[in-house]
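Step one of this worksheet: look at the structure below.
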Amino acid sequence: MAGRGRPVVAGGYRAVQAQQRADAEAKHARKPPRLRPGTWLWDQMRLLLGKGHSPEQIAGILRRMHPGEADRNVSHETIYTAIYAMPRGDLRTEIIGLLRQARRARKPRARGEDRRGQIPDMISIHVRPPEIDERVVPGHWEGDTIKGSRGASTVGMLVERTTLFVTLAKLADGTADSAVAGFSRVLNRIDAQKRFSMTYDQGKEMAAHAKLSNRTGVAVYFADPHSPWQRGINENTNGLLRQYLPKGADLSVLSQKDLDDIAFDLNVRPRKSLGWKCPLELFMPESFSYESYYRNNVALPI
């Protein structure tokens, strides 16, 4: 039978020497963590979390706005570690509450159920022009509807595939006529050179897609049933929107201006897939500068 206790390794355990080493190490103060309450980094992180940014977006913003300044940069993993390593208390609860999912532990995001309907005269995603897949020229959108409490209220969502620019439409209800009216209203606010096509699932609210195309000039293509990966940008955007439009909420109380404000918040968030640029500066480069927006509305005084 093998002996019990600590195995003999490299000469075995020497209690006296181990205690001497522990005493010597205890004399050296531990280096305080870079991300802790009271520091500029902590205050900036807290401010950006409050504006709806994720830890990864915060890390990207800081790298972009303070390049080469090590004391003003931090990784998203460090942010998560600092948040979840905090002792229990009001401050920890407050900071975790600023995270999009406000979970007490990090978990992968779950996808919602994909509801489908029957659509007449559908044009399949498989005959969609190849330039839409290439995502080089803005103007090709993915669309969906977000349901409120008990399905009694609905918001239309469109996201542009190249720039990730989002626009939201107030819908009277979940009917096809309401979808045509709501989507037409917001699409026609956009320059004709930036609205060419829309890819949608087979939800019954898009049954009048031909009428929508006539009103907006936008060609409508339909993804295969139960294939959310064919509209992955839409799926990701829906997850971001649930921070503002949570499941079970009454969406009918939101005005079109309220929805425009929510879309603006998403459109000024720098995105990793865009090289930490934000959708608005790519969709409307002639009228929006993120650098000016950051310094006037986001950054703390140095």
TODO: Quick one: compute a quarter of the convex hull surface over the Cα atoms of the stretch 187-232 and quote it in nm².
DONE: 3.5 nm²
- [ ] Report the trypsin sites (Lys or Arg not before Pro) located in the stretch 30-85 that are in a DSSP loop and have at most 12 other Cβ atoms inside 10 Å of their Cβ, or state none.
- [x] R30
TODO: Restricting to the chain, compute how many DSSP beta bridges are antiparallel as a %, nearest 5.
DONE: 65 percent
Open item on the list: Can you tell me, using C-alpha contacts under 8 Å and at least 6 residues apart, the relative contact order of the chain as a whole percent?
Closed with: 17 percent
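As a check on your grasp of the helix formula, calculate [θ] at 222 nm for the chain: sum -39500 (n - 2.57) over DSSP H runs of n ≥ 4, divide by the residue count, round to the nearest 500.
So the calculated ellipticity at 222 nm is -10500 deg cm²/dmol.
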- [ ] Multiply the residue separation of Q17 and T39 by 0.36 nm, subtract the distance between their alpha-carbon atoms, and state the gained length in nm to one decimal.
- [x] 4.1 nm
Open item on the list: What is the distance in Å between the Cα centroid of the stretch 237-302 and that of the stretch 129-190?
Closed with: 16 Å
TODO: Take the Cα atoms of the stretch 119-158, build their convex hull, and give its volume per residue in Å³.
DONE: 103 Å³
TODO: Between R88 and L300, with labels modelled 7 Å along Cα→Cβ, what's the label distance in nm to one decimal, could you check?
DONE: 2.8 nm
- [ ] Sticking with the crude label model, points 7 Å out along Cα→Cβ, report the distance from K211 to E131 in nm, one decimal please.
- [x] 3.0 nm
Task: Rh (Kirkwood; distinct C-alpha pairs) - the stretch 40-108, Å - done: 12.3 Å
TODO: Would you kindly derive the ³J(HN,Hα) couplings of the stretch 153-162 from the backbone phi angles with the Karplus curve 6.51 cos²θ - 1.76 cosθ + 1.60 (θ = phi - 60°), listing them in order in whole Hz, with x for Gly and Pro?
DONE: 9, 9, 10, x, 10, 10, 10, 7, 6, 8
Task: Cα principal axis extents for the chain, largest first, Å - done: 86, 59, 39
Task: Helix 256-267 vs. the chain, principal-axis angle (Cα, 0 to 90°, nearest 10) - done: 50 degrees
- [ ] Once you have the Cα-Cα distance between Q193 and D121, take 0.36 nm times their residue separation minus that, and quote the gain in nm to one decimal.
- [x] 23.4 nm
TODO: Compute the distance in nm between two label points, each set 7 Å from the Cα along the Cα-to-Cβ direction, one at K272 and one at A70.
DONE: 2.4 nm
- [ ] Compute the distribution of all C-alpha to C-alpha distances in the stretch 171-302, in bins of 5 Å from 0, and list the percent of pairs in each, rounded to whole numbers.
- [x] 2, 8, 14, 18, 22, 18, 10, 5, 2, 1, 0
Task: Candidate lysines - alpha carbon under 23 Å from K211, same-chain residues fewer than 8 apart omitted - done: K147, K170, K194
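The numbers here are math on the coordinates, done by the rules we state, and not lab data. This is a predicted model, so every value here is computed, not measured. Cβ atoms come from the backbone with ideal geometry, glycine included; neighbour counts cover every protein chain shown.
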